[in-house]
Amino acid sequence: MTDLTNLTIADARDLLKKGDITSRELTEAHVAAVDAADALNAYVAKTPELAMEMADKADAKIAAGEQKGMTGIPVGIKDLFATKGVHTQACSHILDGFKPEYESTVTQNLWDDGAVMLGKLNMDEFAMGSSNETSFYGPVKNPWRAKGSDKDYVPGGSSGGSVASVAGYCAMGATASDTGGSIRQPAAFTGTFGIKPTYGRCSRYGMVAFASSLDQAGTITRTVRDGAIMLESISGFDKKDSTSVDMPVPNFEAALTGDIRGMKIGIPQEYHLAGMPAEIEALWHQGIEWMKAAGAEVVDINLPHTKYALPTYYIVAPAEASSNLARYDGVRYGLREMVEGGNLVDMYEATRAAGFGDEVKRRIMIGTYVLSAGYYDAYYLKAQKVRQLISHDFNQAFEQVDAILTPTAPSAAFAFGEKSDDPIAMYLNDVFTVPASLAGIPGSSVAAGTDANGLPLGLQVLGRPWDEETVLKVSGVIEEAAGFTAKPEIWWR
Amino acid sequence: MSDIDKATVAKIARLARIRIEDDKLEPLAGELNGIMGWIEQLNEVNTDDIAPMASVVNAKLRWREDVVNDGDKQDSVLKNAPRAEYGFFAVPKVIE
């Protein structure tokens with residue numbers, strides 16, 4: 001029998017339907033793969049018993065003819081999503097021991113469809129990072145290594161555990177979240193498919209909040225089709241989230257027709273960065289050729305405010321984070337640090353000093369500063385206005401084109417420690433992903449090639465608000481044209 | 001230009017309720033100045049007559065009936081508390 005952990009979600013779905021395999025078998029294989037992959041540090045909590053229970057329920061559903069796309073499919077859940085009675089800490093020390101009394105809507109949607117939970121996945125603390133090096137549980141290792149090297153690379157972030165588990169064959173798919181690129185950049189670093197839908201498509205209820213006007217759930221899978229299946233499962237209106245939008249969820253898989261003839265694909269000139277590796281430019285150029293070969297029309301477009309997206313993001317996101325993270329005070333959940341003879345404020349200050357890591361503290365401090373008296377207009381209000389201009393750039397572009405094609409990240413995965421001492425160098429990793437996050441539009445990253453060292457590179461597809469179908473369709477065409485069959489050598493088992 | 005000095009860092013830390021040791025104030029001031037200096041490039045952008053964007057979702061917030069639709073979950077609410085007594089969160093004594 002073939003290794004069940006190599007199956008795609010779509011193939012497993014068909015085999016489950018035919019009765020050739022059971023969810024129990026599929027889940028057992030994955031539970032074993034999770035245990036064998038400790039070297040990746042992708043999981044921060046494993047739930048094997050729960051997984052087997054859920055698998056048996058899924059098998060009963062399938063037997064009763066109630067199979068859906070995700071029924072019986074074992075998945076990993078980013079530690080950012082509240083899972084009832086199960087470890088949920090956004091990989092922060094300050095949420096020590098927190099086991100929520102409620103379930104996030106995104107995960108509830110998966111369980112309602114019969115999906116199986118393997119455990120909780122590592123991430124940058126509170127999703128603040130681009131390399132998974134800020135996790136309280138230690139960094140995740142990228143399953144990919146440079147050819148002939150045993151040096152470890154970062155998996156990207158913040159959804160580092162999500163991508164490593166999927167690329168490392170210890171989850172068929174994983175939930176992830178994107179605030180400034182936390183789905184797309186790690187997908188590019190690991191040769192996986194990541195999609196961030198339109199802001200408002202997935203409920204934020206039960207998602208640990210980082211920057212509420214930007215946070216959006218999405219998925220990591222090994223193929224575009226799997227992404228379409230899983231995204232459909234987690235999407236949908238939820239009255240428990242005030243920014244959830246009441247829109248029908250299309251059949252995303254049906255969008256994968258492979259037909260983009262006559263479609264207009266925009267190439268933003270501002271994304272040609274000085275000093276960008278030639279391999280990234282070459283891959284982008286290759287992507288343009290693939291679009292033309294598939295019958296699409298390629299159009300040069302301008303997104304004039306692109307260079308201001310990162311500084312805008314580093315005002316808006318920390319400002320919202322400083323408010324959202326005010327709730328961690330040692331009173332209602334998680335860590336509490338007492339000061340001998342101290343008062344309540346001493347307790348707050350000691351708890352937050354001990355509970356937050358350096359990057360989280362840095363962002364709370366920036367956020368507090370830009371919102372403080374006398375600076376609000378100069379920084380926060382200014383950033384909100386520039387955000388409007390960035391969004392307007394996209395609106396104008398989408399009057400001319402149906403989708404936008406760019407590289408996902410300005411480099412391949414980098415080695416540990418390479419950028420962790422320089423916050424701005426780390427922030428620059430998100431230069432191509434942040435603008436779409438600020439505008440709230442859907443975007444994906446598709447594995448499209450490798451660099452000279454054999455490390456994966458991704459192309460990013462952006463679409464109009466609510467048009468995930470075009471993003472998926474174009475992604476599918478890239479996937480097909482790229483024929484990306486490279487796999488990481490399995491060193492971690 | 002932003003000029004975050006030691007005293008400013010101490011003030012922000014107090015506002016953010018994060019205790020920061022004295023010897024960390026100076027390095028943190030350097031880091032924050034670096035980041036804020038980089039952010040200053042936004043001043044190049046003309047934003048006269050541009051409305052600030054607070055949310056990408058333009059829809060008006062939904063209204064609902066003003067009725068109780070959840071509750072009676074005292075045990076659940078207190079379940080994760082570091083300290084709870086008599087059905088309340090317990091904190092160090094506050095005397096003003």
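Side notes on the structure shown:
- Contacts under 7 angstrom Cβ, first residue in the range A:231-259 being of a type in the set (A, V, I, L, M), partner modelled with pLDDT under 95, 6 or more apart: A:Val245/B:Val57; A:Val245/B:Ala59
- Residues located in the range B:78-96, provided they are facing chain A (nearest Cβ under 8 Å) and either among the hydrophobic types (A, V, I, L, M, F, W, C) or more than 25 Å from the chain's Cα centre (by Cα) (or both): B:Ala81, B:Phe89, B:Val91, B:Val94
- Pairs linking a residue in the range A:123-142 that is over 13 Å from A:Pro155 (Cα atoms) to a residue that is crowded, with 24+ Cβ neighbours inside 10 Å and aromatic (Phe, Trp, Tyr), with Cβ atoms under 9 Å and 6 or more positions apart or on different chains, are A:Glu125/A:Phe356; A:Phe126/A:Phe210; A:Phe126/A:Phe356; A:Ala127/A:Phe210; A:Met128/A:Phe210.
- Any hit, the range A:88-110, residues being within 14 Å of chain B (Cβ to nearest Cβ), basic (Lys, Arg) and surrounded by fewer than 22 Cβ atoms within 10 Å (Cβ to Cβ): yes
- Count of residues meeting criterion [closer than 17 Å to A:Trp111 by Cα and of a type in the set (A, V, I, L, M, F, W, C)] in the range A:19-62: 9
- Within the range A:409-447, if we keep just the residues that are aliphatic (A, V, I, L, M) and within 11 Å of A:Ser131 (Cα to Cα), the residue that is farthest from the other protein chains (Cβ to nearest Cβ) turns out to be A:Ala413.
- Residue in the range A:117-130 that is under 13 Å from the mean Cα position of the chain (by Cα), within 14 Å of another protein chain (Cβ to nearest Cβ) and outside any helix (DSSP H, G or I) present: yes
- Entry remark, the range A:476-489: residues being among the hydrophobic types (A, V, I, L, M, F, W, C), surrounded by fewer than 20 Cβ atoms within 10 Å (Cβ to Cβ) and at pLDDT below 95 number 1 in total.
- Of the residues contained in the range A:292-304, one or more are found to be in a helix (DSSP H, G or I), away from chain B (no Cβ under 11 Å) and among the hydrophobic types (A, V, I, L, M, F, W, C).
- Residue in the range A:117-130 that is closer than 30 Å to A:Gly19 by Cα and touching a Leu at 6+ places or on another chain (Cβ under 7 Å) present: yes
The rows are residues; the columns are (1) modelled with pLDDT of 95 or more; (2) more than 16 Å from A:Ala164 (Cα to Cα); (3) in contact with a Lys or Arg (Cβ under 8 Å, 6 or more places away or on another chain); (4) of a type in the set (Gly, Ala, Ser).
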| site | (1), (2), (3), (4) |
| --- | --- |
| A:Ala58 | yes, yes, no, yes |
| A:Val86 | yes, yes, yes, no |
| A:Leu95 | yes, yes, no, no |
| A:Tyr102 | yes, yes, yes, no |
| A:Asp113 | yes, yes, yes, no |
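- Hits in the range A:389-423 - residues which are part of a helix (DSSP H, G or I) and crowded, with 16+ Cβ neighbours inside 10 Å: A:Leu389, A:Ile390, A:Ser391, A:His392, A:Asp393, A:Phe394, A:Ala397, A:Phe398, A:Pro423
- Just one of (1) out of contact with any strand residue (DSSP E or B) (no Cβ under 6 Å at 6 or more places or on another chain); (2) more than 27 Å from A:Arg362 (Cβ to Cβ); (3) not aromatic (Phe, Trp, Tyr) fails for A:Gly275. It is (2).
- Selection count where residues are farther than 14 Å from B:Val91 by Cβ, at the interface with another protein chain (Cβ under 7 Å from one of its Cβ atoms) and surrounded by fewer than 20 Cβ atoms within 10 Å (Cβ to Cβ), scope the range A:323-378: 3
Let's see how each residue does on (1) surrounded by 12 or more Cβ atoms within 10 Å (Cβ to Cβ); (2) modelled with pLDDT of 95 or more; (3) of a type in the set (Phe, Trp, Tyr); (4) farther than 30 Å from A:Ser391 by Cα:
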| position | (1), (2), (3), (4) |
| --- | --- |
| B:Asp3 | no, no, no, yes |
| B:Ala13 | yes, yes, no, yes |
| B:Ile20 | yes, yes, no, yes |
| B:Gly34 | yes, no, no, no |
| B:Trp38 | yes, no, yes, no |
| B:Leu42 | yes, yes, no, no |
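The values are calculated or read from the model by the stated rules, or taken from the named source; none is laboratory data. In this text the structure is predicted, and so the values were computed from the model without any measurement. When we count neighbours, we look across all protein chains shown, and the Cβ atoms used for this are built from the backbone with ideal geometry, even at glycine.
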